[in-house]
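J.: Okay, here's the structure, questions in a sec.
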């Protein structure tokens, strides 16, 4: 049955879009104003004069901001790759091997994600000091993987559960082993699930703040959110640079999300209906 | 060639027995059909033979080798699934070639074998296509081709025609018969469709609640059902059952239907019995026919035309009977008619356990 959305529905949608988008739009507008425009009263809604000087300034005068973005990218990609590999295998085992305590295992994995990461920080910091993992990409990648793996296991396991099990059984009779079935049958068939999960993990890692703040103490190793937040100097608060750096930091995410939006939606809703 | 031997096979899922005490020898080249309602254990039995389920009790022997601890790939079986279970991301050729590739068969040999089988089942033009571009019937053909390419000792079919539409199902059924006649490979075929079972099987195993209810040729299970379950399951529409109690003279139903002595059965000392007559075995007689001990007056409650046949719902002394008659000329609802329950077409079952009473010679 086809249902037409009523006026109320549209109004609700418009309100939610405005609420969630206003900060981003304001951020982008701010990045296009000059200093006088930012501090003017009454506030300027449309940049006047419209200027790209903040962007030029960041690319020419503050290479550290770009460095933060690159760091975030390295950590995000590494964390995503590691999470998908481990999460895919764990999720497949939970979805298909008739493990005796699979429900219990799943709950345990999920319960890990209930700890506020901040509570883990002191012990994690000490362990990383002992391991020599501070200020290393690998260190933060491992920390983020530990933090986000439960989501990946859960999402991928529910995706695998939607695949018809007979395909894997046919492969078993054809002579494939468990790992081979996973790599050559299940993984290729599950790529929408992997894309959706991977993107979410990438975004989580990109935005993660507390661990990145504590485990990356050298300025050159900071990730974008940490670097930008620490950018304000002692006496001034350079809104124009911060907003511009933030816009630059969210662009990669926006681009990737735009490219894969179909897979994200498909992967997130897989298994919720026929 | 192969012979499959299942000895005391059983499977329990968390304490409940899905299959119990399954004993059967399957001859070389035989086409065996496992038939039963859903949940009767037929698929579980097949999956145990395939090695997709482990068996809780008993042994599985294929070609005089004990197989129940072997990996599926080492059992010499090939399986066709209800939903085709093709590899969606691989071409038809790669789907069919997969098992041979994994066995490290030389490439040119694989090529030749796959092309030969594709030729045989009419898939030569589709080898480079992906399964998604094929129709349901073609996909099931690919699945069957994939099974043939392996030259297995045993074919296992798990309701392979259930996803196809009615017309295609009939066509594929005939194709399967021809294929079996040509290849002569021992086959075990699971279905809940009695028409498939009757037409394809050398022998039918009818299962109920995890145990074998009867094993026999299609003729045997139709003509001599071993118990009331088989009698009611085989045949469409289902057999009429009338509960009878011993009366002073002969037998009497819960209604008011009176029957003479059932001397053609060896009833022992039973004081109750379930009498069974198939709808197609009740004769509708012209009104002027002289009455005998087995003729009764009946009233047509409802007449339904099916095309070639018609079904009459009859009321006979408070008992309801379904009769199948020729569809060209038949009485209307409300008409009074005469019917005959021929003793040689009757079946009698023990009310307590459903077992058929033997017929006296």
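The values are calculated or read from the model by the stated rules, or taken from the named source; none is laboratory data. Keep in mind that what you see is a predicted model, and the values were worked out from it rather than measured. When we count neighbours, we look across all protein chains shown, and the Cβ atoms used for this are built from the backbone with ideal geometry, even at glycine.
J.: Can we say residue B:183 is free of Cβ contacts under 8 Å to residues at least 40 places away in the same chain, away from chain A (no Cβ under 14 Å) and in contact with a strand residue (DSSP E or B) (Cβ under 8 Å, 6 or more places away or on another chain)? Before the answer, list the steps.
T.: Numbers: free of Cβ contacts under 8 Å to residues at least 40 places away in the same chain: yes; away from chain A (no Cβ under 14 Å): yes; in contact with a strand residue (DSSP E or B) (Cβ under 8 Å, 6 or more places away or on another chain): no.
Here the answer is no, as residue B:183 does not meet what is asked.
J.: Can you tell me how many residues in segment B:34-57 are touching a helix residue (DSSP H, G or I) at 6+ places or on another chain (Cβ under 8 Å) and away from chain A (no Cβ under 13 Å)? Reasoning before the result, please.
T.: To start, the set of residues in segment B:34-57 that are touching a helix residue (DSSP H, G or I) at 6+ places or on another chain (Cβ under 8 Å) comprises B:34-37, B:50-55.
Those still in the list that are away from chain A (no Cβ under 13 Å) too: B:34-37, B:55.
Number satisfying all stated conditions: 5.
J.: Quick one: is residue B:271 surrounded by fewer than 15 Cβ atoms within 10 Å (Cβ to Cβ), touching a residue at least 12 places away in the same chain (Cβ under 8 Å) and over 30 Å from residue B:197 (Cα atoms)?
T.: Numbers: surrounded by fewer than 15 Cβ atoms within 10 Å (Cβ to Cβ): yes; touching a residue at least 12 places away in the same chain (Cβ under 8 Å): yes; over 30 Å from residue B:197 (Cα atoms): yes.
When the stated conditions are applied, residue B:271 passes them.
J.: Given B:68, B:108, which one is more than 25 Å from the chain's Cα centre (by Cα) and part of a helix (DSSP H, G or I)?
T.: Of the residues listed, the single one that is more than 25 Å from the chain's Cα centre (by Cα) and part of a helix (DSSP H, G or I) is B:108.
J.: Related question: Out of everything in segment B:164-173 that is loosely packed, with under 12 Cβ neighbours inside 10 Å and in a helix (DSSP H, G or I), what residue ends up being farthest from the chain's Cα centre (by Cα)? Please lay out each step first, then the result.
T.: Of all residues in segment B:164-173, those loosely packed, with under 12 Cβ neighbours inside 10 Å come to B:165-167.
Then keep just the ones that are in a helix (DSSP H, G or I); that gives B:166-167.
Working: B:166: 17, B:167: 19 Å.
Across segment B:164-173, the extreme among qualifying residues is B:167.
J.: So for segment B:125-147 (the condition being assigned to a loop (DSSP other than H, G, I, E, B) and in contact with a strand residue (DSSP E or B) (Cβ under 6 Å, 6 or more places away or on another chain)), does at least one residue qualify? Lay out the reasoning, then the answer.
T.: Applying the first criterion (assigned to a loop (DSSP other than H, G, I, E, B)) to segment B:125-147 yields B:127-130, B:134-135.
Adding the requirement that they be in contact with a strand residue (DSSP E or B) (Cβ under 6 Å, 6 or more places away or on another chain) leaves none.
Looking for residues that are assigned to a loop (DSSP other than H, G, I, E, B) and in contact with a strand residue (DSSP E or B) (Cβ under 6 Å, 6 or more places away or on another chain), one finds none in segment B:125-147, hence no.
J.: In addition: Is it true that residue B:341 is surrounded by 18 or more Cβ atoms within 10 Å (Cβ to Cβ), touching a residue at least 60 places away in the same chain (Cβ under 8 Å) and more than 25 Å from the chain's Cα centre (by Cα)?
T.: Details: surrounded by 18 or more Cβ atoms within 10 Å (Cβ to Cβ): yes; touching a residue at least 60 places away in the same chain (Cβ under 8 Å): yes; more than 25 Å from the chain's Cα centre (by Cα): yes.
Yes.
J.: Give me the residue from segment A:165-183 that is assigned to a helix (DSSP H, G or I) and at the interface with chain B (Cβ under 8 Å from one of its Cβ atoms) and, out of that set, surrounded by the fewest Cβ atoms within 10 Å (Cβ to Cβ).
T.: Residues of segment A:165-183 that are assigned to a helix (DSSP H, G or I), as a first pass: A:165-174, A:178-183.
Now drop any that are not at the interface with chain B (Cβ under 8 Å from one of its Cβ atoms), which leaves A:166-167, A:169-174.
Working: A:166: 18, A:167: 21, A:169: 20, A:170: 29, A:171: 25, A:172: 21, A:173: 26, A:174: 25.
Going through the qualifying residues, I end up with A:166.
J.: Need the failing condition index for residue B:11 against (1) surrounded by 21 or more Cβ atoms within 10 Å (Cβ to Cβ); (2) part of a strand (DSSP E or B); (3) more than 14 Å from chain A (Cβ to nearest Cβ), just the number.
T.: Against the list (1) surrounded by 21 or more Cβ atoms within 10 Å (Cβ to Cβ); (2) part of a strand (DSSP E or B); (3) more than 14 Å from chain A (Cβ to nearest Cβ), residue B:11 comes up short only on (3).
J.: Please work out if residue A:157 is within 14 Å of chain B (Cβ to nearest Cβ) and either under 29 Å from residue A:203 (Cβ atoms) or part of a helix (DSSP H, G or I) (or both). Can you show your working first?
T.: Working: within 14 Å of chain B (Cβ to nearest Cβ): no; either under 29 Å from residue A:203 (Cβ atoms) or part of a helix (DSSP H, G or I) (or both): yes.
Criteria not met by residue A:157.
J.: Only residues that are under 29 Å from the mean Cα position of the chain (by Cα) and free of Cβ contacts under 8 Å to residues at least 60 places away in the same chain: list them for segment A:159-180, please.
T.: Quick first cut of segment A:159-180, residues under 29 Å from the mean Cα position of the chain (by Cα) only: A:159-163, A:179.
Across segment A:159-180, the qualifying residues are A:163, A:179.
J.: Still on this structure, I have one more. When you look at residue A:129, is it more than 14 Å from chain B (Cβ to nearest Cβ) and either out of contact with any strand residue (DSSP E or B) (no Cβ under 7 Å at 6 or more places or on another chain) or touching a residue at least 60 places away in the same chain (Cβ under 8 Å) (or both), yes or no? Spell out the reasoning first.
T.: Working: more than 14 Å from chain B (Cβ to nearest Cβ): yes; either out of contact with any strand residue (DSSP E or B) (no Cβ under 7 Å at 6 or more places or on another chain) or touching a residue at least 60 places away in the same chain (Cβ under 8 Å) (or both): yes.
So residue A:129 passes the test.
J.: Residue B:60 versus (1) more than 11 Å from chain A (Cβ to nearest Cβ); (2) under 30 Å from residue B:10 (Cα atoms); (3) in a loop (DSSP other than H, G, I, E, B): which is the lone unmet condition?
T.: Looking at each condition in turn, residue B:60 falls short on (3).
J.: Please pick out the residue among A:186, A:226, A:247 that is under 18 Å from residue A:77 (Cα atoms) and buried (at least 19 other Cβ atoms within 10 Å of the Cβ). Don't jump to the end; show me each part of the working.
T.: Values: A:186 fails: under 18 Å from residue A:77 (Cα atoms); A:247 fails: under 18 Å from residue A:77 (Cα atoms).
The unique qualifying residue is A:226.
J.: Out of everything in segment A:204-220 that is surrounded by 17 or more Cβ atoms within 10 Å (Cβ to Cβ) and closer than 20 Å to residue A:244 by Cα, what residue ends up being farthest from the other protein chains (Cβ to nearest Cβ)?
T.: Checking each candidate, the answer is A:208.
So that you can scan it fast, the table gives a plain yes or no per residue for (1) at pLDDT below 95; (2) surrounded by 15 or more Cβ atoms within 10 Å (Cβ to Cβ):
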site: B:124; (1), (2): yes, no
site: B:131; (1), (2): yes, yes
site: B:175; (1), (2): yes, yes
site: B:182; (1), (2): yes, no
site: B:187; (1), (2): no, yes
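J.: Against the condition at the interface with another protein chain (Cβ under 10 Å from one of its Cβ atoms) and part of a helix (DSSP H, G or I), how does residue A:188 come out, does it pass?
T.: yes
J.: Right, next: Anything in segment B:95-105 that is more than 7 Å from every other protein chain (Cβ to nearest Cβ) and either farther than 15 Å from residue A:180 by Cβ or in a loop (DSSP other than H, G, I, E, B) (or both)? List them, or say none. Give the steps one after another, and end with the answer.
T.: Filtering segment B:95-105 down to residues more than 7 Å from every other protein chain (Cβ to nearest Cβ) leaves B:95-97, B:100-101, B:104-105.
Correct list: B:95, B:96, B:97, B:100, B:104, B:105.
J.: Related question: Name the helices (runs of 4 or more DSSP H) wholly inside segment B:186-264 in which the number of residues that are touching a strand residue (DSSP E or B) at 6+ places or on another chain (Cβ under 7 Å) and in contact (Cβ under 8 Å) with a residue 60 or more places away in the chain is 1 or more.
T.: Working: elements: B:194-200, B:218-223, B:228-233.
Answer list for segment B:186-264: B:194-200, B:228-233.
J.: Here are A:189, A:213: which of them is closer than 26 Å to residue A:121 by Cβ and free of Cβ contacts under 8 Å to residues at least 40 places away in the same chain?
T.: Values: A:189 fails: closer than 26 Å to residue A:121 by Cβ.
Residue meeting the stated conditions: A:213.
J.: Now for a separate question. It is to be established whether one or more residues within segment B:172-179 are within 11 Å of chain A (Cβ to nearest Cβ) and touching a helix residue (DSSP H, G or I) at 6+ places or on another chain (Cβ under 8 Å). Please lay out each step first, then the result.
T.: Going residue by residue through segment B:172-179, those that are within 11 Å of chain A (Cβ to nearest Cβ) are none.
No.
J.: Of the residues that make up segment B:81-92, is at least one in a helix (DSSP H, G or I), more than 8 Å from chain A (Cβ to nearest Cβ) and at negative phi?
T.: Here is the first cut: in segment B:81-92, the residues in a helix (DSSP H, G or I) are B:92.
In the following step, the residues that additionally are more than 8 Å from chain A (Cβ to nearest Cβ) were identified as B:92.
Add one more test, that the residue is at negative phi, and what stays is B:92.
Yes: segment B:81-92 contains one or more residues that are in a helix (DSSP H, G or I), more than 8 Å from chain A (Cβ to nearest Cβ) and at negative phi.
J.: Which one is surrounded by the fewest Cβ atoms within 10 Å (Cβ to Cβ) among residues in segment B:304-319 that are in a strand (DSSP E or B) and more than 28 Å from the chain's Cα centre (by Cα)?
T.: First, the residues of segment B:304-319 that are in a strand (DSSP E or B): B:304-305, B:309-316, B:319.
Going one step further and asking which of them are more than 28 Å from the chain's Cα centre (by Cα), we end up with B:314-316, B:319.
Details: B:314: 23, B:315: 14, B:316: 22, B:319: 18.
It comes out as B:315.
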